[in-house]
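Notes follow the structure.
The values are calculated or read from the model by the stated rules, or taken from the named source; none is laboratory data. Since we're looking at a predicted model, the values are computed, not measured. Cβ placement follows ideal geometry from the backbone for every residue including glycine, while neighbour counts extend to all protein chains displayed.
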């Protein structure tokens, strides 16, 4: 019997609902303890759900409308009722499900989540996360786009939220934290970063703060949680994605340039398969808006079925964890030390 129910915006994404349903089938084969509430156009979902043999684990909530990928969040908010995305998020608010997943319009999903679920006490601005592959495993980077600017208190809040999230995702008891800066020296960077670093060093918070880290430290896995503002984080994320595609293109070209390189590729096929797996963005798909009263996972709009299954797995794992309780406890400690609300 399923112990978790996930709400799915079946119409959100570049190739919805096909990729969503294919990802659902993959994930359902991995996890028998999860059932699904699908939000979307019933006539486009009923037949495929029956074909993949998941009718007994899926309920369908019909919605006539879909939020377009290019739609402005303000427009989407005004016409939210009756859309598959709003239905998926609202199900978390009512308690009908434990988490929601959408590959739809990022800005609209953030706006819907903020409106329906509200911010946690002590959080001025929620932050969007990204799971980042490193040579040591995975790290968490936040913010990657929810807030273009962040003051010292918001960076502190992000560190507290990121630590609890990293614990749930990586299983590490005490994840290490770093502030993204232009240098590791203490005299580098803006005053905002220096003040945030001073606050993060407070032993009463119980954080494993390692100081400043640079952009190249992210992929090296120097720390488990990298904290920055949304502008810098989003630029770093898009740069890393582009670099990964560039490297993959270089490797492909090098291995197909002539008969000798092709023969070498055959001999090195096992190692190349491992490299391809490590560089596959589907394995780290899924961003979470931290600081709201509920679990909402944003899948990349252009992901494949494997990537969507990864996002569903992340939602299920977070829904079963107590990371939001840990965030709340951390914020209480921070507020106590600060003497006022963050």
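Select from the stretch 180-209 the residues that are over 18 Å from residue 330 (Cα atoms) and within 23 Å of the chain's Cα centre (by Cα) and list them in ascending order.
Once the filter is applied, which keeps residues that are over 18 Å from residue 330 (Cα atoms) and within 23 Å of the chain's Cα centre (by Cα), the stretch 180-209 yields 180, 181.
Quick grid of which residues meet (1) more than 20 Å from the chain's Cα centre (by Cα); (2) part of a loop (DSSP other than H, G, I, E, B); (3) closer than 19 Å to residue 110 by Cβ:
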residue	(1), (2), (3)
8	no, no, yes
32	yes, yes, no
43	yes, no, no
49	yes, no, no
53	yes, yes, no
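Screening residue 208 with (1) touching a residue at least 24 places away in the same chain (Cβ under 8 Å); (2) touching a helix residue (DSSP H, G or I) at 6+ places or on another chain (Cβ under 7 Å) gives one miss only, at (2). Hey, could you check the stretch 283-308 for residues that are at pLDDT 90 or above and assigned to a strand (DSSP E or B) and say which is nearest to the chain's Cα centre (by Cα)? It comes out as 288. Inside the stretch 214-256, residues that are under 22 Å from residue 170 (Cα atoms), under 18 Å from the mean Cα position of the chain (by Cα) and surrounded by fewer than 14 Cβ atoms within 10 Å (Cβ to Cβ) make up a count of 1. If the condition is being touching a residue at least 60 places away in the same chain (Cβ under 8 Å) and either surrounded by 23 or more Cβ atoms within 10 Å (Cβ to Cβ) or touching a helix residue (DSSP H, G or I) at 6+ places or on another chain (Cβ under 6 Å) (or both), then the stretch 106-115 contributes 109, 113.
Yes/no per residue for (1) surrounded by fewer than 22 Cβ atoms within 10 Å (Cβ to Cβ); (2) modelled with pLDDT of 80 or more:
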| site | (1), (2) |
| --- | --- |
| 262 | yes, no |
| 270 | yes, no |
| 281 | yes, no |
| 312 | no, yes |
| 328 | yes, yes |
| 341 | yes, no |
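Reported count of residues in the stretch 68-101, each being in contact with a helix residue (DSSP H, G or I) (Cβ under 7 Å, 6 or more places away or on another chain), buried (at least 21 other Cβ atoms within 10 Å of the Cβ) and under 24 Å from residue 316 (Cα atoms), is 9.
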